[in-house]
Amino acid sequence: MIAVGLDAGSLSTKAVVMDGGAIVASAVVQSSDSAEASARTALDQALAKAGPDGDVYVVSTGAGGKAVSFSRQSRAITTCLARGVHFLLPQSRTAIDMGAETITVVRINERGRVSDYGNQDKCAAGTGIFLQQMARVLRLSMDEMSGAAAGARGRVEITGTCAVFAESEVISHIHRDPPTPVEDIVAGIYRSMVNRVMAQLQRLGVKREVAVTGGVAASRGLVGILEQEIGRILGEEAGRILGEEAGRLLVPPSPELSGAIGAAVIAGENIMQEGAG
């Protein structure tokens, strides 16, 4: 029996195949209107890469996880994120997941279970969809945005708590005479996103080590600003003890797969439990 984790997100659907406790294949596809169809496509692509024989045991998660009829079990995304981060980075005790539509902060215990969590899902501002929207307005790729932020000499204040209002602010900066430097606009966008993450962290508290997951974790410029803020709230004492490592964030390879990996870990445990029973 092969363990499979499926994370049916709003923008992308991820599948991870595990065998013997090791990741053997993965696939990421764009989500369609049908979570079931997207999950099937991702599963088929991952299995084609893995080439396993025999039956599969699927655990699903994510926004469309409950709509996947061929999964044996659907688990909460916070549970799967905790298990996935623990599998990849067992030293982590706080995970920040920056997904397409939500920002989720999960506190993780030494066994990889959720000890506390909080999320922001009332508005797209601060999420992956928001970042993509800002990139389109600025006519930049995600990599170009990171590069632009590195060259910023200042940053504009993006105060809108709604994605629509925030976009209007950005457009007004573009059309000023003279226009606001693009580098400063990008830095302001990143800062506004980081502020939303920090609001979650301040409610829950931060425990080292801190991991960042989700597709937005690939944005180097954003993660750099978040590192600075994490380092600030961890305090000067941590800086004296750890030197340059104070506030350093952990970003796993393919951070967008963390939830699917956690679901696959749970699937593998279920297989062992059923076999033992």
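A quick yes/no check of all residues on (1) within 30 Å of Val206 (Cα to Cα); (2) touching a helix residue (DSSP H, G or I) at 6+ places or on another chain (Cβ under 8 Å); (3) at pLDDT 95 or above; (4) surrounded by fewer than 24 Cβ atoms within 10 Å (Cβ to Cβ):
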residue	(1), (2), (3), (4)
Ile2	no, yes, no, yes
Arg40	no, no, yes, yes
Thr61	yes, yes, yes, no
Ala82	yes, yes, yes, no
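Search the range 187-200 for residues that are under 16 Å from Val212 (Cα atoms) and pair each with any residue that is among the acidic types (Asp, Glu) when their beta-carbon atoms are under 7 Å apart and the residues are at least 6 apart or on different chains.
Close Cβ pairs (under 7 Å, with a partner that is among the acidic types (Asp, Glu)) amount to Val194/Glu229; Met198/Glu229.
Here's the yes/no breakdown for (1) of a type in the set (Ser, Thr, Tyr); (2) touching a strand residue (DSSP E or B) at 6+ places or on another chain (Cβ under 8 Å); (3) farther than 28 Å from Leu89 by Cβ:
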site	(1), (2), (3)
Gly151	no, no, yes
Phe165	no, no, yes
Tyr190	yes, no, no
Val197	no, yes, no
Gln200	no, yes, no
Val206	no, yes, no
Glu209	no, yes, no
Val216	no, yes, no
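Identify the single condition in (1) crowded, with 17+ Cβ neighbours inside 10 Å; (2) over 21 Å from Asn119 (Cβ atoms) that Ile189 does not satisfy, given that it satisfies every other one.
Every condition holds for Ile189 apart from (2).
What is the number of the single condition among (1) within 16 Å of Thr13 (Cβ to Cβ); (2) at pLDDT 95 or above that Gln91 does not meet?
Of (1) within 16 Å of Thr13 (Cβ to Cβ); (2) at pLDDT 95 or above, only one is false for Gln91: (1).
Quick check on my filter: what residues within the range 73-103 are assigned to a loop (DSSP other than H, G, I, E, B), closer than 17 Å to Leu6 by Cα and assigned by TED's automatic domain parsing to the domain that holds Lys207?
Gly99, Ala100
Sort out which residues of the range 47-72 are assigned to a strand (DSSP E or B), within 17 Å of Val28 (Cα to Cα) and of a type in the set (A, V, I, L, M, F, W, C), and write them in order of number.
Those that are assigned to a strand (DSSP E or B), within 17 Å of Val28 (Cα to Cα) and of a type in the set (A, V, I, L, M, F, W, C): Val58, Val59.
Name the residue that is nearest to Thr61 (Cα to Cα), counting only residues in the range 3-32 that are assigned to a loop (DSSP other than H, G, I, E, B) and in contact (Cβ under 8 Å) with a residue 24 or more places away in the chain.
It comes out as Gly9.
Which residues, taken from the range 4-19, are more than 13 Å from Ala267 (Cβ to Cβ) and surrounded by fewer than 22 Cβ atoms within 10 Å (Cβ to Cβ)?
Residues satisfying the conditions are Ser10, Leu11, Ser12.
The values are calculated or read from the model by the stated rules, or taken from the named source; none is laboratory data. On a predicted model such as this, the values are computed, not experimentally measured, just so you know. Here Cβ is always computed from backbone atoms with ideal geometry, including for glycine, and neighbour counts include all displayed protein chains.
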